There are 2 protein chains.
Amino acid sequence: MTGKLYVIGVGPGDPELLTLKAVRILKDVPCICVPKGREEGSSLALSIVKRALNLDGKEIIEAHFPMRKTKGIKASKHQSIKDSDALTLCRSDTFIDSELDTKWQETIETVYSRLNKGINMAFITIGDPTIYSTFFYLYDRLLELNPELNIEIIPGVSSINTAAARANLSLSLADEKIAILPATYTDNLKETLEKFDTIVLMKVHRVFDKVLTILNEMNLTNNAVYVSRAGMDDEKIFKNIRDIKEADLNYFSVVIIKK
Amino acid sequence: MTGKLYVIGVGPGDPELLTLKAVRILKDVPCICVPKGREEGSSLALSIVKRALNLDGKEIIEAHFPMRKTKGIKASKHQSIKDSDALTLCRSDTFIDSELDTKWQETIETVYSRLNKGINMAFITIGDPTIYSTFFYLYDRLLELNPELNIEIIPGVSSINTAAARANLSLSLADEKIAILPATYTDNLKETLEKFDTIVLMKVHRVFDKVLTILNEMNLTNNAVYVSRAGMDDEKIFKNIRDIKEADLNYFSVVIIKK
């Protein structure tokens, strides 16, 4: 019998936003795999889980992924990102380079070996696993190794919903349409702002100045709210996005525009 | 001291998808307000909470909202909804008619009177409160009565994320763009299907045949997955949406199209 792999969304940061199901499974499995390297050196997903339950005696597999794109952004700072840079950055998001590829391969082999020994595992991910989670880079490759692999995805509270809740905003009512965009794509932003009722811009730290310019041009600046690190201890909410300073911009940030 | 109002997302249906925070607050508050009338006669949100914890001794306020639009749909059935009907239906979604208005007013007064007595309350809602939740119809009016009212929105696991998780689908990776549409708006569906990577169609039971026609025309039928009642006991997933029968269509259904 191979083990079962649970892919668990641990919510946006507040340990209380873990689900009962996540807690039950995390208590039960002897082995937890956690992606590391996105930001801040240590795994945010693991720190959330550690604050909610005792992990003594469990094997913790930290999967290190060199996130070159993030380093690149830190070096160039958000203001200096030009169109071409932004495009390169967003392309490197989808392109798994060889070093990254080797790291993923190692993780896949580690996870697969545990499952083959009959060990149940959890792969934890910030927010919800279906929203911009690294897990799906592994998913297909695991199934290639064994199409019968038992993988269950446990949804979590997403950072998008949390950001809206913390800002007391409804993302949608009745027949309203929502667009969720990685802010690196500012090319079609105007068109999307015209056609949708609510627009959520992810990872907006990369292109904040450009976004602000477009919102100003469209008289939508007053319709925008910026939520940084929703659900975390150092969460910040700006109802006037003109007040945002460079230090307020970070990876875990969204702009919500409601028309 | 006025009481505090917690607006709580109780997740999509599985009681284990309640968050720790939701459970703690629901145990703590002496009074729970629950919207009733959306579907099936009784409140789904309340039944989820009842399966997770004992509500003995708490006051349960059931807020009855006549959902005329739903009755209208039931009478006409999804196949017979023409363009004009669909438009009328979706307009009636945003238009609160006078009977509905009176019912909301009664609920607001009930909630407000409890808060004024210093009673902490929870208003529970399926999924996540920021996604198509009735609560926001009350929100502004409550603040009109008292702008200092203490209202906290507790995010929950949304049915959209749950549907994707149950179908083992990523809604977005890297620089992918997501559109979430109430399916009543089929007018711009083609354009949205062209421009977005992932398209989530809500309440698709109303216009399923029309959606299927458009997907067929665009060769996207094989990219669509239908999830009915994600996270509930009678959940159904169709990887081939051509297999869907009329009986499989219902209010709690989404189509996810991944390109």
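The values are calculated or read from the model by the stated rules, or taken from the named source; none is laboratory data. This is a predicted model, so every value here is computed, not measured. Cβ placement follows ideal geometry from the backbone for every residue including glycine, while neighbour counts extend to all protein chains displayed.
Per-structure values
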| quantity | calculated |
| --- | --- |
| Flag if residue A:108 is modelled with pLDDT of 90 or more, surrounded by 15 or more Cβ atoms within 10 Å (Cβ to Cβ) and within 13 Å of chain B (Cβ to nearest Cβ) | no |
| So residue A:169, is it part of a loop (DSSP other than H, G, I, E, B) and touching a Phe, Trp or Tyr at 6+ places or on another chain (Cβ under 9 Å) | yes |
| Test: residue in the stretch A:112-129 that is among the small types (Gly, Ala, Ser) and over 25 Å from residue A:49 (Cα atoms) | no |
| Conditions (1) out of contact with any Pro (no Cβ under 7 Å at 6 or more places or on another chain); (2) assigned to a helix (DSSP H, G or I); (3) buried (at least 17 other Cβ atoms within 10 Å of the Cβ): number failed by residue A:247 | (3) |
| Residues being assigned to a helix (DSSP H, G or I) and basic (Lys, Arg) - total across the stretch A:109-126 | 1 |
| Members of the stretch A:182-206 found to be in a strand (DSSP E or B) and either more than 7 Å from chain B (Cβ to nearest Cβ) or at pLDDT 95 or above (or both), listed by number | A:198, A:199, A:200, A:201, A:202 |
| Exclusive hit being touching a His at 6+ places or on another chain (Cβ under 6 Å) and within 30 Å of residue B:20 (Cα to Cα), set B:253, B:228, B:172 | B:253 |
| Among the candidates B:83, B:93, residue that is exposed (fewer than 13 other Cβ atoms within 10 Å of the Cβ), at pLDDT below 75 and of a type in the set (D, E, K, R) | B:83 |
| Count of the stretch B:195-220 residues which are of a type in the set (Asp, Glu) and over 26 Å from residue A:182 (Cα atoms) | 2 |
| Any hit, the stretch A:214-234, residues being of a type in the set (Ser, Thr, Tyr), within 25 Å of residue A:48 (Cα to Cα) and away from every other protein chain (no Cβ under 14 Å) | yes |
| Scope the stretch A:150-181; condition among the hydroxyl-bearing types (Ser, Thr, Tyr) and at the interface with chain B (Cβ under 7 Å from one of its Cβ atoms); matching residues | A:158, A:162, A:170, A:172 |
| Scan of the stretch B:12-30 for residues that are buried (at least 19 other Cβ atoms within 10 Å of the Cβ), away from every other protein chain (no Cβ under 11 Å) and not β-branched (Val, Ile, Thr), ordered by number | B:13, B:26 |
| Selection within the stretch A:232-251 - under 19 Å from residue A:165 (Cα atoms) and in contact with a strand residue (DSSP E or B) (Cβ under 7 Å, 6 or more places away or on another chain) | A:235, A:236, A:237, A:238, A:239, A:241 |
| Neighbours by Cβ (under 6 Å, 6+ apart or cross-chain): first from the stretch A:20-41, within 20 Å of residue B:53 (Cβ to Cβ); second modelled with pLDDT of 95 or more and of a type in the set (Asp, Glu) | A:20/B:16; A:21/B:16 |
| Entirely in the stretch B:1-76, the helices (runs of 4 or more DSSP H) that have 3 or more residues that are modelled with pLDDT of 95 or more and more than 28 Å from residue B:101 (Cβ to Cβ) | B:20-28, B:44-52 |
| Count of residues meeting criterion [at pLDDT 90 or above and either under 16 Å from the mean Cα position of the chain (by Cα) or within 8 Å of chain B (Cβ to nearest Cβ) (or both)] in the stretch A:128-149 | 5 |
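This table checks each residue for (1) crowded, with 24+ Cβ neighbours inside 10 Å; (2) under 28 Å from residue A:230 (Cα atoms); (3) touching a helix residue (DSSP H, G or I) at 6+ places or on another chain (Cβ under 6 Å).
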| site | (1), (2), (3) |
| --- | --- |
| A:120 | no, no, no |
| A:126 | yes, yes, yes |
| A:130 | yes, yes, yes |
| A:140 | no, no, no |
| A:144 | no, no, no |
| A:148 | no, no, no |
| A:156 | yes, yes, no |
| A:159 | yes, yes, no |
